[in-house]
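Data first, discussion second: the structure below is written as structure tokens.
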Amino acid sequence: MAKSQTGRKLQTVRGTHDIMGDQARTFRFINQTFQDIARRFGHREISTPIFEFTEVFNRTLGETSDVVSKEMYTFEDRGGESLTLRPEYTAGISRAFISNGLQQSLPCKFFAFGPMFRYERPQKGRMRQFHQMDVEILGVPEPQADIEVLAIAATLLTELGLMDDVTLEINSLGDQESRNAYRDALVEYFTGHKDRLSEDSLARLEKNPMRILDSKDDGDRVLVADAPRISDYYNEPTRAFFDDVLAGLEALGIKYVINERLVRGLDYYSHTAFEFITAKLGAQGTVLAGGRYDGLIEKMGGPATAGIGWAAGMERLAELVSPELVPAEIRPIAIVPVGAACQMAALKLAQQLRSAGHGVDMSYRGNMGKRMKRANKANAVMAILIGEDELARGAVTVKNFDDGSQTEVALDQLMDHLSPER
Ligand code: ATP
Ligand code: MG
């Protein structure tokens, strides 16, 4: 393996990957499908910086979340500012909402895509740099927004051919009053079993007991199984809100399962929380997850603004998408100059075709035989052979690779000749 000047092996940092070949093609397909659907739902693209001031994340995601307590890529820049590589999109988009004074133009419907960074233990479906697609609606406190973002998710998973592979799990975390009542019940219950709680969950018991429900510790999970159920603590508005969301899903034919243990990893959720889960990816089975975060923007110092959104993991979706669905690369037209004298004419023709929207492959060297081989390797649909004699007559030879036919075509008719095939 090649070594760098410092003698270190030249490879990617642990948990990061180069994306190319079929994987890049699959990513592009998923992303284009996502963007197309998001636009159909009237969402506008936003792209926020990859790094932000650390407080954008640590204040909003909550200090008991796994992301803040263990996973953030935080560093000091040369000016001594504490910066963090974004671990998710919602905090950055909410910051952008405040920075840009967007409360004047509610509702804001955003979609976004990009790399995220978390210091995790790398394994299948869990990287340190990964990619998320993200959807947010700001300024809509009604359950219609919850239904709409879930409809976007279901449309995406349907168009990626994955709807049969996933289950939508949904829960309501209630409004403030319901949450407070539930929180008290949880504190009482878990305090009674303090000696059996993991160290992490002991800390959560103090700061955010609902997060214990999300614990991945086996011992905690046993306790969680008998913990009080949130639905017993819903007040009337919470119940009505949740019923409206579920009625919307039913109207749209989106199947769901209520999971009362679903609380989501971040601290800022209220009302709806949901995950699309698959059994096909082992332990890393959540492909898309989100919820409502009505208190977040106010907590960040902005005007009280409702919010709901979700993020989907690109790498996990790409594992599931059937290769047959992913469009093949376009098959190019190969241009083959027959002899050095035709090189310039070939160059010009290639430019003309590319400007007209055709994919063109032209090799850089070699005789005609070598170039034809290369054209085959590039999976060209046809080769346009440019020879001196034909050129003198104002013509080229078009060889169709699929049926083997060969025809002479006048240069001034070439574009017409090509268009039906492309
Ligand atoms: P998990 O429980 O798997 O750690 P999470 O709750 O931390 O997930 P979110 O913050 O909700 O995940 O992120 C949304 C989606 O992003 C996840 O459902 C998953 O598909 C993807 N994702 C999260 N972390 C990673 C990672 N480290 N590598 C790859 N994909 C990830
Ligand atoms: Mg996580």
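Calculated accessible area for the chain comes out at 50 Å² per residue, all protein chains present (probe 1.4 Å; ligands, DNA, RNA ignored).
Highest average first, the peptides 74-83, 231-240 ordered by how many other beta carbon atoms sit within 10 Å of their residues are 231-240, 74-83. The angle separating the long axis of helix 143-159 from the principal Cα axis of greatest extent in the chain is about 40 degrees.
So which lysines can K377 reach, going by Cα to Cα under 18 Å and dropping same-chain residues fewer than 8 places off? The qualifying lysines are K399.
Rounded is the label for segment 333-418, because the ratio a/c of its alpha-carbon gyration tensor axes (a ≥ b ≥ c) stays below 1.5. Counting protein heavy atoms only, the chain has 49 percent of its accessible area on carbon and sulfur, 1.4 angstrom probe.
With the helix formula -39500 (n - 2.57) applied to DSSP H stretches of n ≥ 4, the chain reaches a computed 222 nm mean residue ellipticity of -10000 deg cm²/dmol. Sorting M20, M163, M372 by accessible area puts them as M20, M163, M372; the probe is 1.4 Å, largest comes first, and only protein heavy atoms count. Within segment 40-71, none of the GluC sites (Glu not before Pro) combine a DSSP coil assignment with at most 11 other C-beta atoms in a 10 angstrom radius.
Using the Cβ-Cβ distance between E206 and Q11 with R0 = 45 Å, the FRET efficiency computed as 1/(1 + (r/R0)^6) comes to roughly 0.60.
On the basis of the beta-carbon distance and an R0 of 35 Å, K216 and D22 show a calculated FRET efficiency of 0.65.
Pairs exceeding 31 Å between alpha-carbon atoms, taken from K70/K124; K124/K194; K9/K124: K124/K194.
The values are calculated or read from the model by the stated rules, or taken from the named source; none is laboratory data. Since this is a predicted model, take the numbers as computed values, not measurements. So basically every Cβ, Gly included, is an ideal-geometry build from the backbone, and we count neighbours across all protein chains shown. The protein model used for the area step is the full one, side chains on, heavy atoms only, and it has no ligands, DNA or RNA in it. Shrake-Rupley method; radii C 1.70, N 1.55, O 1.52, S 1.80 Å.
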